[in-house]
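Accompanying notes for the structure given below.
The values are calculated or read from the model by the stated rules, or taken from the named source; none is laboratory data. If you're wondering where the values come from, they're calculated on a predicted model, not measured in any experiment. Here the Cβ positions follow ideal geometry from the backbone for every residue, glycine too, while neighbour counts run over all protein chains shown. Ligands, DNA and RNA are stripped out before the accessible areas are found, and what is left, the full protein with its side chains, is counted by its heavy atoms. Shrake-Rupley method; radii C 1.70, N 1.55, O 1.52, S 1.80 Å.
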Amino acid sequence: MTSTKLSHYRTLNLLSILLFIGLWQGLALYLSDNSLPTPASVTEVFWQETLSGQLPYHLGVTLLRLVSSFAVAMLLGCAIGIVLGRNQKLDAFFDNWLVIFLNIPALVTIILCYVWFGLIESAAILAVVINKLPNVVVTIREGTRALDKDLLEMARCYHFGKRKTLVHVIWPQLHPFVMGATRSGLALIWKIILVVELLGRSNGMGYQLHLFFQMFDVAGILAYTVAFVAVIQVIEILILKPLDRKAGRWRR
Amino acid sequence: MTAIRIDIVDKTYPSQRQSPGHRAIADLKLELPSNEFICLVGPSGCGKTTLLNILAGLDRDYRGEITVEHRHKTPKIGYVFQNPRLLPWKTVRENITLALPTDHDPKTVDALLDTMQLTDAQQVYPERLSLGMSRRVSIIRAFAIDPDVLLMDEPFVSLDAPTARQVRELLIRLWQQRPHTVLFVTHDLREAIALADRLVFLSSPPMQAISEIRVNIPRDKRDDETAIEAFRQKLLQDHPEIRALL
């Protein structure tokens with residue numbers, strides 16, 4: 001992309017955000033009601049919560065849960081997905097299980113985990129993992145089924161061995177699928193985590209949002225939302241985008 | 001010395017939903033001498049690729065026995081597939097070195113790249129290469145492992161004539177530097193005569209060996225088109241059964 005084109009896109013991006021905030025501001029002024037505070041008052045709440053340390057603490061707790069459940073779900077999901085994608089018999093056997101787990105409502109797994117294991121941290125993480133895992137498995141299984149047989153044969157013929165084949169032949173082909181699962185996974189997990197926290201934890205974003213809800217504090221809710229969206233954007237820009245670029249540099 | 005002894009009693013592809021089972025090879029017996037350049041010639045679809053896959057150990061679903069003479073602990077087989085099969089996310093050089101043990105001598109790769117005129121392209125990703133260049137890379141990869149047997153499956157198909165001739169000459173130069181048994185599959189009789197020490201003619205499926213013929217044109221006369229054409233005419237005259245195949 002040429003630099004003029006790039007700056008053109010940046011301007012467009014900036015304009016679209018400004019328009020969004022403008023619309024928000026207009027609507028808030030028009031309603032002039034507590035149910036939709038203006039961007040300025042949300043910013044003020046955001047600032048106060050940050051200074052008091054409340055927001056960083058609860059955001060941090062939620063992010064920690066996000067990272068640990070995400071890591072477990074991705075690792076397990078990739079492993080199971082690759083195995084199912086490469087073994088037709090196992091795949092046929094476990095396909096029904098996958099469909100069942102895919103279709104259990106998130107709320108049900110959360111409640112069951114709390115009922116069975118108590119209102120503890122590991123139950124919370126487990127509930128998130130169970131919700132996310134089937135998605136990862138299905139995505140990675142599709143990726144594994146689509147692996148290039150020609151390249152796998154080449155690897156076998158040249159005695160690449162298991163590790164070399166996985167790292168240099170299979171993984172690069174799965175990369176787009178893993179990135180897809182990562183992006184959809186982050187979005188899904190953080191939505192579920194809030195429910196998990198709301199139902200059975202005494203800290204984290206979900207817990208805070210619950211408090212704000214009871215006090216009808218919309219500004220607080222929006223301030224926390226802005227913080228979370230910002231964090232996810234930072235993850236996207238600092239971690240996921242560079243990974244994409246690194247993996248795609250061989251493409252024409 | 002015998003490099004490869006092939007005795008395949010039966011190779012049948014199982015029937016699938018629409019198509020019935022397909023018997024690809026029946027009673028194929030071949031004994032191939034060491035360090036010769038052997039061309040397998042047969043009509044397209046006769047099961048040549050199937051035979052190479054069996055030799056490479058990629059297809060174990062057959063009845064019969066294959067023995068390959070080898071200097072290494074397990075027979076090392078270089079396979080130049082019909083399509084180059086390079087890893088698109090690895091550079092040319094990485095594609096070659098990946099097939100080698102980690103303690104290989106980088107000079108061997110340098111020399112091979114040099115012979116195949118790819119030194120300038122060694123850090124390029126395969127998607128930026130032309131087909132002819134990709135084919136050369138896959139030939140280098142096969143040579144680099146110092147194979148006991150080199151299998152080549154119509155590696156010059158869909159190359160234009162000048163490029164094919166150039167790669168063919170490079171191939172022979174490389175092979176003369178380090179002779180080993182080569183099994184080269186083609187359906188182009190002229191190409192086979194230009195390359196081979198020995199021609200093996202194969203029938204349509206179920207595949208059997210029909211005849212073996214030595215090519216006695218000296219190596220330095222192989223670029224002489226008239227000599228090759230004369231050999232071809234004589235061959236077709238002496239062996240009418242071959243004419244039916246091609």
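Run the dipole for the protein assembly as shown about the Cα centre, Lys and Arg Cβ at +1, Asp and Glu Cβ at -1, nothing else charged, and hand back the magnitude in debye, nearest 20.
Values: 54 positive and 47 negative charges, 31 e Å.
Charge dipole of the protein assembly as shown: 140 debye, to the nearest 20.
Checking the a/c ratio against 1.5 first, then a/b against b/c, what shape does the Cα gyration tensor give for chain A?
Working: a/c = 2.75, a/b = 1.45, b/c = 1.90.
Because a/c hits 1.5 or more and a/b fails to exceed b/c, chain A counts as oblate.
Can you list the lysines whose alpha carbon sits under 16 Å from that of A:Lys89, skipping same-chain ones fewer than 8 residues off?
none
Tell me the relative contact order for the stretch A:40-247 as a rounded percent, counting alpha carbon contacts under 8 Å between residues six or more apart. Before the final figure, lay out each step's value.
Numbers: 192 pairs, mean separation 62.8, N = 208.
Over the stretch A:40-247, the number comes to 30 percent.
List the residues whose amide H sits under 5 Å from the amide H of B:Leu202, counting only those 5 or more places along or on another chain, with H placed 1.01 Å from N in the peptide plane.
B:Val41, B:Gly42, B:Ile210
For the protein assembly as shown, report the % of Cα-Cα distances exceeding 32 Å.
Distances greater than 32 Å cover 59 percent of the Cα pairs.
Explain nothing, just the number: relative contact order of chain B, from Cα pairs under 8 Å at least 6 residues apart, as a whole percent.
Normalised by residue count, the contact order of chain B is 28 percent.
If I build a Gaussian network model for chain B, linking alpha-carbon pairs within less than 10 angstrom, which residue out of B:Leu199, B:Leu171, B:Leu159 has the largest mean-square fluctuation?
B:Leu159
Show which lysines lie in cross-link reach of A:Lys164 when reach means a straight Cα distance below 17 angstrom and same-chain residues fewer than eight apart are skipped.
Result set, ordered by chain and number: A:Lys149, B:Lys90.
What are the membrane-span-like helices in chain A by this rule: whole DSSP H runs, Cα extent along the axis at least 15 Å, mean Kyte-Doolittle hydropathy at least -0.5?
Once both thresholds are applied, what remains is A:3-31, A:39-52, A:54-86, A:88-103, A:106-117, A:121-145, A:171-200, A:218-235.
Percent of accessible area on the protein assembly as shown owned by carbon and sulfur, 1.4 Å probe?
On the way: 15800 of 26300 Å².
The value for the protein assembly as shown is 60 percent carbon and sulfur by accessible area.
What are the lysines whose alpha-carbon lies under 21 Å from the alpha-carbon of B:Lys221, with same-chain residues fewer than 8 places away excluded?
The reachable lysines, counting only those whose Cα sits under 21 Å from B:Lys221, are B:Lys234.
Where nothing but the Cβ of Lys and Arg (+1) and of Asp and Glu (-1) is charged, how large is the charge dipole of chain B around its Cα centre, in debye to the nearest 20?
My answer is approximately 300 debye.
Place a point 7 Å from Cα of A:Ala146 in the direction of its Cβ. Which residues in the stretch A:161-190 have their backbone N less than 18 Å from it?
Once the point is set 7 Å along Cα→Cβ of A:Ala146, A:169-185 turn out to lie under 18 Å by backbone N, inside the stretch A:161-190.
Using packing as a proxy for protection, rank B:44-52, A:155-163 so that the peptide with the highest average count of other Cβ atoms within 10 Å comes first.
Working: B:44-52: 20.9, A:155-163: 16.0.
By packing density, highest mean first, the sequence is B:44-52, A:155-163.
Starting from the Cα gyration tensor of the stretch A:163-250, take the square roots of the eigenvalues, sort them a ≥ b ≥ c, and report rounded, prolate or oblate (rounded when a/c is under 1.5, otherwise prolate if a/b is larger than b/c, else oblate).
Values: a/c = 4.72, a/b = 2.45, b/c = 1.93.
It comes out prolate by the Cα gyration axes.
Indicate, rounded to the nearest 5 percent, the antiparallel portion of the DSSP beta bridges found entirely in the stretch B:94-225. Don't skip to the end; give the middle numbers.
Details: 5 of 10 bridges.
Approximately 50 percent, going by the DSSP bridge assignments.
Could you check what % of the DSSP bridge pairs in the protein assembly as shown are antiparallel, to the nearest 5?
Percent antiparallel among DSSP bridges in the protein assembly as shown is about 50.
With a 1.4 Å probe and every protein chain left in place, work out the accessible area per residue of the stretch B:1-157 in Å², rounded to a whole number.
That works out to 44 Å² for each residue.
Once you keep just the Cα pairs under 8 angstrom separated by 6 or more residues, what percentage relative contact order results for the stretch A:125-249?
It rounds to 23 percent for the stretch A:125-249.
Per 10 Å bin, what is the whole-percent P(r) computed from every C-alpha pair distance within the stretch B:129-238?
12, 45, 35, 9, 0
Work from the charge dipole of chain A (Cβ charges, +1 for Lys and Arg, -1 for Asp and Glu, about the Cα centre) and give the residue of A:Ile104, A:Ala219, A:Val169 farthest towards its positive end.
Of the options given, the answer is A:Val169.
Nearest 5 percent is fine: what portion of the DSSP beta bridges confined to chain B is antiparallel?
Expressed as a percentage, antiparallel bridges in chain B total about 50.
Using unit Cβ charges (K, R positive; D, E negative) and no other charged atoms, how large, in debye to the nearest 20, is the dipole of the stretch A:40-247 about its Cα centre?
860 debye
For the Cα atoms of chain B, what angle does the longest principal axis make with the long axis of helix B:106-115, in degrees from 0 to 90, nearest 10?
70 degrees
Do the sum for the protein assembly as shown: with -39,500 (n - 2.57) for every DSSP H run of n ≥ 4, divided by all residues, what is the mean residue ellipticity at 222 nm, to the nearest 500 deg cm²/dmol?
After summing the helix terms and dividing by the residues of the protein assembly as shown, the value is -19000 deg cm²/dmol.
With axes computed from alpha carbons, what is the tilt in degrees of helix B:161-177 against the longest principal axis of chain B, rounded to the nearest 10 within 0 to 90?
That helix lies at roughly 80 degrees to the long axis.
Any chance you could run the full-extension gain for B:Arg232 through B:Glu127? It's 0.36 nm times the residue separation minus the Cα-Cα distance, nm to one decimal.
Answer, rounded to one decimal: 34.0 nm.
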